[in-house]
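**Q** What follows is a single structure, and I will ask about it in a moment.
The values are calculated or read from the model by the stated rules, or taken from the named source; none is laboratory data. Bear in mind that the values here come from a model prediction, so they are computed numbers and not experimental data. Cβ: placed from backbone, ideal geometry, glycine included. Neighbour counts: every protein chain shown. Please note that ligands, DNA and RNA were not included when accessible areas were found on the heavy atoms of the full protein model with its side chains. Shrake-Rupley method; radii C 1.70, N 1.55, O 1.52, S 1.80 Å.
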Amino acid sequence: MPIFNRYSTQPEFLGEGSGDGSIVSINAKPFFGPSAGTGGYFDEFRFISQYYNEHQHPIIILVDTRTGKYELLLDDGAPFVMAGGNKWSAFTMNNGVIVNGERTNEDISPIVYGSDGSLAYTDHSHVGLWILFDDKRVKITDEEVFDLTVLEHNQLVYLTRHGIELSLNGNKYPCVSLGELNEFGHVRAYWWKDNIWVAYQWYNANSIVTHPYDSYEGYVLGSGDCYGLDALVYDKPYYAWSVSPAAQAHHMVLVSELGNKIDLRTLLQPEPPNPEPPKPIPEPPDPIPPKPEPEPIIKTATVYEMNMEKQLVALIAFDGKYISVTSTGNIKYNNKDVTPECVFELTKPDGLFSIQQNGKWLGADATEHHDVCNQLYMIDHREGYESWIVERPAIPNNDLISAYILFRRPEGINFSIKLRVVEL
């Protein structure tokens, strides 16, 4: 995901590639890595990174963009790091949650920093939004927040089930938007021409657009896929996004020239009605085959509660074969027996479970349904699709539990992938 430098006078943005050997890029050119990720700029010349050093040991560091050298913040791995306003936070592997550089036992799940060092966070339920600034906490909303931009501690634009909302100096204002919640992607906000503007991908028109929060008059920035997005005004507005979920340097797009200002609602023109085709003569119906005997359905399950820090497990797809991870990080599930490549660590660092192996997280593509092997992946940071729900079926089988990847949609929660978990 691209992240602009909010402390520089010249356009500059980070890009974070995903997967093994990920590289942090600056202005779409590889800069630091491999096996490095980022969570934004700490100040004008440094960004935070989770990095596997030459010994393949994960550490949290600050990287200087002028020299490429780094300084150590914490000798620990972290699936999620962030920085801003000379402050940093992280979800670590061994030190719990770090907030503003200090370990905390409070119910805080950091999300993103504003340029003034204000931290937006939620709690373990991921419902509600707060701002922490100068040791003061202010609740912004009781809603579940799917995306947000923190301009300053008292200026936020965030996305809920009800659409895009603006919180400005303690007052809330609805933002106009093109479509419903499931019809547009990442939302970013920025100040321009004495007003707050929003930018996002509008799926229905296959376009990336921007407009003031209170007007449909705006600009089309581009078309096609948009994975991650950021926007900021330097001498003029700049916009950056990735055209691939891998988000490597060569996938980044930078736009700074705007075309004609239009009413963006005109991008969707009504289609002319199709004439009703002649009705064919119906054929006799096929004979109704006998109904197959339904399989028994397990209607209830109990959430699996761990009483230890971690549990070694193996995973089985529903064809009965064990899932393994190759040395290159590829997923296979053709093993008939448990081998070292089939052993995972099951932990519960927050409200949901994580499944790890060799410092990487097992995740699943919950947006499309494919063969199980093609939906699973290993990645060196943990976000939404690397968090699992683990349940024990309500049947007398004590050595099996089931793991579900969670994908939220406006109409409810969909479980799109399910694995059997064997306790070792």
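**Q** Return the residue satisfying two criteria in turn: it lies in the stretch 104-129 and is among the hydroxyl-bearing types (Ser, Thr, Tyr) and at pLDDT 90 or above, and of such residues it is surrounded by the fewest Cβ atoms within 10 Å (Cβ to Cβ).
**A** Filtering first and then ranking leaves Thr104.
**Q** Within the stretch 175-206, restricting attention to residues that are among the hydroxyl-bearing types (Ser, Thr, Tyr) and open to solvent by less than 10 Å² (accessible area, probe 1.4 Å), which residue is farthest from the chain's Cα centre (by Cα)?
**A** Tyr190
**Q** Turning to a different aspect of this structure: Somewhere in the stretch 266-287, is a residue part of a strand (DSSP E or B) and not polar (S, T, N, Q)?
**A** no
**Q** Report whether or not Val209 is open to solvent by less than 40 Å² (accessible area, probe 1.4 Å), assigned to a strand (DSSP E or B), under 25 Å from Val127 (Cα atoms) and modelled with pLDDT of 90 or more.
**A** No, not satisfied.
**Q** Those residues that are closer than 19 Å to Asn5 by Cα and either surrounded by 21 or more Cβ atoms within 10 Å (Cβ to Cβ) or free of Cβ contacts under 8 Å to residues at least 40 places away in the same chain (or both), I need them from the stretch 72-86; list them, please.
**A** Val81, Met82, Ala83, Gly84, Gly85
**Q** Still on this structure, please answer the following. Does any residue of the stretch 133-144 turn out to be charged (D, E, K, R) and closer than 22 Å to Pro349 by Cα?
**A** Yes - at least one qualifying residue is present in the stretch 133-144.
**Q** Restrict the check to the stretch 271-289 and report whether at least one residue is at pLDDT 75 or above and open to solvent by less than 70 Å² (accessible area, probe 1.4 Å).
**A** No, every residue in the stretch 271-289 fails to be at pLDDT 75 or above and open to solvent by less than 70 Å² (accessible area, probe 1.4 Å).
**Q** Considering only residues that are under 19 Å from the mean Cα position of the chain (by Cα) and of a type in the set (Ser, Thr, Tyr), which ones fall in the stretch 77-125?
**A** Selection gives Ser89, Thr92, Ser109, Tyr113, Tyr121, Thr122, Ser125.
**Q** Counting only residues that are out of contact with any Leu (no Cβ under 7 Å at 6 or more places or on another chain), surrounded by fewer than 19 Cβ atoms within 10 Å (Cβ to Cβ) and part of a strand (DSSP E or B), how many does the stretch 59-71 have?
**A** So the count comes out to 1.
**Q** With the requirement that a residue be open to solvent by 10 Å² or more (accessible area, probe 1.4 Å) and modelled with pLDDT of 90 or more, what does the stretch 1-17 give you?
**A** If the condition is that a residue be open to solvent by 10 Å² or more (accessible area, probe 1.4 Å) and modelled with pLDDT of 90 or more, then Ile3, Arg6, Tyr7, Ser8, Thr9, Gln10, Pro11, Glu12 are the ones that fit.
**Q** Return the residue satisfying two criteria in turn: it lies in the stretch 18-58 and is assigned to a loop (DSSP other than H, G, I, E, B) and of a type in the set (D, E, K, R), and of such residues it is least open to solvent (accessible area, probe 1.4 Å).
**A** Applying the filter and picking the extreme gives Asp43.
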